[in-house]
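The values are calculated or read from the model by the stated rules, or taken from the named source; none is laboratory data. From a predicted model like this one, the values you see are computed outputs, not experimental measurements. In this analysis, Cβ positions are derived from the backbone assuming ideal geometry, glycine residues included, and neighbour counts consider all displayed protein chains.
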Amino acid sequence: MKFLKTAAAAAISVALLAGCNDETNNYHPTEPTPDPIEPIERDGRFAAYNLSFDRTSFEQLVSEMTLTAEKQDELMDKWFAGTLTDEEKAVAEKVIQIRNVAAVIQTERPAVLMMGEFNNDGTGENQDAMVGFRLNYLSVPQNGLGATSDDKKMLEPIQFGYSETFATNTGLLSDFDLDRDGKIALPGDAWGFGFYHGQYAFGLLSMYPIDTANIRTFQNFKWKDMPGETNPTIVNCDDENNPIPAGMKCGDEWYSAEAWAEKPLSSKNHVDVPVLIPTSDGGTQTVHLLMSHPTPPVFDTVTKNNVLLNSAEVAFWNDYVSGSDYMYDDKGLQGGLADDASFMIMGDLNADPNDGDGKVETIAKLLANDNINTHATLGVYAPSSLGADECFTNDECGDWGAGSPQYVTSTFGLRVDYVMPSSDLNITDSGVFWPATFEEGRLLMNDERVGKYGDGKDISSDHRLVWVKAEF
């Protein structure tokens, strides 16, 4: 945990660095320029964190992110005093969540951060929420004991010189009745589940330069073009709670031929982002960040649609790093990753190798891939925490995960969040940020005074930040 060294450092405004494909250079500091940001080390942390910023609209998230620190403080003063109106309380609780998420990031200080459930405009072009998060939260000292703590232990701001947001299939309305309810409407007929285009999207923050010219996206890669994949069929045939749609019968293919021909594999996007890391000889090493957020393998009714799609989305990366050449990106470039490429598979994969509703064998196969450093997935450097272990001891995480509770990354008791390095990378440390009751920062995870439940998305996220440290 890195703390501010001087009171003056906490008081000044922090200027964000302008980055590749980044609009933060529109913001100019009005205060004296602060000390330079922390040096970018060659053994930086790579982290994945599902932030749970899944708001009812992108505009809501932008509004929250563009609140200045002064406006946030005014709301928090009223929160502590108990004088908030109902409208102010709704905003204040979102500020609490964002501040706590920012405090987690400032505590762990990753050099690269994949952020799940960071909504955008659907195309990834509008940067307002990203700029606001960096300027008004990450570049402002947060309380490492929790936004709702009476005690203070202010953390040092964190800055990222480069950022990206990506187009998503969530909330992107198709032309087909995908859910077979007789109409074409959101969210059920979007290519990826979402109430608006851009919900549940993901973004990237990096201290390392991004090779934007060589980013690959697979938003439009078709599910049907993945070897071995077929149109899901109706398999739940005698369930009175989930009746088969009129005109269909047990064993029928779920999607029409026209819809199946167009159905993307990715529920959001699959993205390959090369970052350039300085090496000791004055050169750079390219590491490919392979990011995705597959659909959860739940909410199926008469098919195993989501189970099958989750498995296929996870298996895509297994094929991508193993020399397969069937995939094509959105620019038409064919093939997977080069044999000698370094990479990090990052994100909330909604898959646990031991438990859950998904196909455990798919994620287990990826974790054990010969091209992946298994010390960081199954061995001594597999990320773990005392908080997760305690969650099961206190019967707060359900029945799942009991076989390996220390590796769990979610409040629902599953290991679903990952950073998987390639086998050529030297991993020196790892972790999951999940303080136990006897560790500092517990109020970043649990405070019964906030929201309906006092944990999960009420206070920060129902997922935990996962990281590995690589030495270059």
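Restricting attention to segment 156-173, does a residue exist that is under 30 Å from residue 451 (Cα atoms), without any contact (Cβ under 8 Å) to a residue 24 or more places away in the chain and of a type outside the set (Phe, Trp, Tyr)? Within segment 156-173 (the criterion being under 30 Å from residue 451 (Cα atoms), without any contact (Cβ under 8 Å) to a residue 24 or more places away in the chain and of a type outside the set (Phe, Trp, Tyr)), the answer is no, since none of the residues qualifies.
When you check residue 101 against the structure, is it buried (at least 18 other Cβ atoms within 10 Å of the Cβ), assigned to a helix (DSSP H, G or I), over 16 Å from the mean Cα position of the chain (by Cα) and not hydroxyl-bearing (Ser, Thr, Tyr), yes or no? Can you show your working first?
Details: buried (at least 18 other Cβ atoms within 10 Å of the Cβ): yes; assigned to a helix (DSSP H, G or I): yes; over 16 Å from the mean Cα position of the chain (by Cα): no; not hydroxyl-bearing (Ser, Thr, Tyr): yes.
Spelling it out, it is not the case that residue 101 is buried (at least 18 other Cβ atoms within 10 Å of the Cβ), assigned to a helix (DSSP H, G or I), over 16 Å from the mean Cα position of the chain (by Cα) and not hydroxyl-bearing (Ser, Thr, Tyr).
With respect to the stated conditions, residue 60 is surrounded by fewer than 20 Cβ atoms within 10 Å (Cβ to Cβ) and either touching a residue at least 12 places away in the same chain (Cβ under 8 Å) or not in a loop (DSSP other than H, G, I, E, B) (or both).
Among residues belonging to segment 208-221 that are loosely packed, with under 15 Cβ neighbours inside 10 Å and in contact with an Asp or Glu (Cβ under 9 Å, 6 or more places away or on another chain), point out the one that is nearest to residue 313 (Cα to Cα). Let's see the steps before the verdict.
We begin by selecting, within segment 208-221, every residue loosely packed, with under 15 Cβ neighbours inside 10 Å; these are 212-214.
After this cut, where a residue has to be in contact with an Asp or Glu (Cβ under 9 Å, 6 or more places away or on another chain) as well, the list is 212, 214.
On the way: 212: 24, 214: 22 Å.
Among residues in segment 208-221 that are loosely packed, with under 15 Cβ neighbours inside 10 Å and in contact with an Asp or Glu (Cβ under 9 Å, 6 or more places away or on another chain), the one nearest to residue 313 (Cα to Cα) is 214.
Looking across segment 408-425, the residues that are closer than 19 Å to residue 455 by Cα, modelled with pLDDT of 95 or more and touching a Pro at 6+ places or on another chain (Cβ under 9 Å) come down to 409, 415, 416, 417. Scan segment 351-361 and give yes if some residue there is surrounded by fewer than 17 Cβ atoms within 10 Å (Cβ to Cβ) and touching an Asp or Glu at 6+ places or on another chain (Cβ under 9 Å), otherwise no. Checked segment 351-361: at least one residue is surrounded by fewer than 17 Cβ atoms within 10 Å (Cβ to Cβ) and touching an Asp or Glu at 6+ places or on another chain (Cβ under 9 Å). When the criteria are applied in full, residue 71 fails the requirement of being touching a Leu at 6+ places or on another chain (Cβ under 6 Å), surrounded by fewer than 18 Cβ atoms within 10 Å (Cβ to Cβ), in a helix (DSSP H, G or I) and of a type in the set (Lys, Arg).
Out of 312, 351, 338, 364, one residue alone is closer than 25 Å to residue 470 by Cβ, modelled with pLDDT of 95 or more, in a helix (DSSP H, G or I) and among the small types (Gly, Ala, Ser). It is 364. Of the candidates 87, 117, the single residue that is at pLDDT 95 or above, on the phi > 0 side of the Ramachandran plot and outside any loop (DSSP other than H, G, I, E, B) is 117. Would you confirm, using the coordinates I've provided, whether residue 262 is in contact (Cβ under 8 Å) with a residue 60 or more places away in the chain, closer than 29 Å to residue 319 by Cα and surrounded by 13 or more Cβ atoms within 10 Å (Cβ to Cβ)? So residue 262 fits the description; yes.
The rows are residues; the columns are (1) touching a residue at least 60 places away in the same chain (Cβ under 8 Å); (2) surrounded by 24 or more Cβ atoms within 10 Å (Cβ to Cβ); (3) farther than 23 Å from residue 437 by Cα.
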residue: 83; (1), (2), (3): no, no, yes
residue: 86; (1), (2), (3): no, no, yes
residue: 91; (1), (2), (3): no, no, yes
residue: 107; (1), (2), (3): yes, no, no
residue: 120; (1), (2), (3): yes, yes, yes
residue: 124; (1), (2), (3): yes, no, yes
residue: 143; (1), (2), (3): no, no, no
residue: 152; (1), (2), (3): no, no, no
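A Cβ distance below 9 Å, combined with a sequence gap of six or more or placement on separate chains, defines the contacts here; from segment 175-186, residues that are in contact (Cβ under 8 Å) with a residue 12 or more places away in the chain and surrounded by 14 or more Cβ atoms within 10 Å (Cβ to Cβ) reach residues that are among the acidic types (Asp, Glu) and in a loop (DSSP other than H, G, I, E, B) in the pairs 176/189; 177/189; 178/189.
With the requirement that a residue be part of a loop (DSSP other than H, G, I, E, B) and touching a Lys or Arg at 6+ places or on another chain (Cβ under 7 Å), what does segment 430-470 give you? Quick ask: steps written out before the conclusion?
Start the filter on segment 430-470 by keeping residues that are part of a loop (DSSP other than H, G, I, E, B), which leaves 433-441, 445-455, 459-462, 464-465.
Selection gives 433, 434, 435.
Can you tell me which residues in segment 188-219 are outside any strand (DSSP E or B), within 22 Å of residue 344 (Cα to Cα) and touching a residue at least 24 places away in the same chain (Cβ under 8 Å)? Across segment 188-219, the qualifying residues are 200, 201, 202, 207, 208, 209, 211, 212, 214, 215, 218, 219.
Would you check if residue 300 is acidic (Asp, Glu) and over 30 Å from residue 247 (Cα atoms)?
Details: acidic (Asp, Glu): yes; over 30 Å from residue 247 (Cα atoms): no.
No: the conditions fail for residue 300.
Taken over segment 268-287, the criterion of being closer than 15 Å to residue 203 by Cα and either out of contact with any helix residue (DSSP H, G or I) (no Cβ under 9 Å at 6 or more places or on another chain) or in a loop (DSSP other than H, G, I, E, B) (or both) is satisfied by 268, 269, 271, 275.
Output the residue which, of all residues in segment 367-404 that are of a type in the set (Asp, Glu) and modelled with pLDDT under 95, is nearest to residue 321 (Cα to Cα).
Kept after step one, since they are of a type in the set (Asp, Glu), are these residues of segment 367-404: 370, 389-390, 395-396, 399.
If we keep only those that are modelled with pLDDT under 95 too, we end up with 389-390, 395-396, 399.
Details: 389: 32, 390: 35, 395: 38, 396: 37, 399: 33 Å.
Checked segment 367-404; the qualifying residue nearest to residue 321 (Cα to Cα) is 389.
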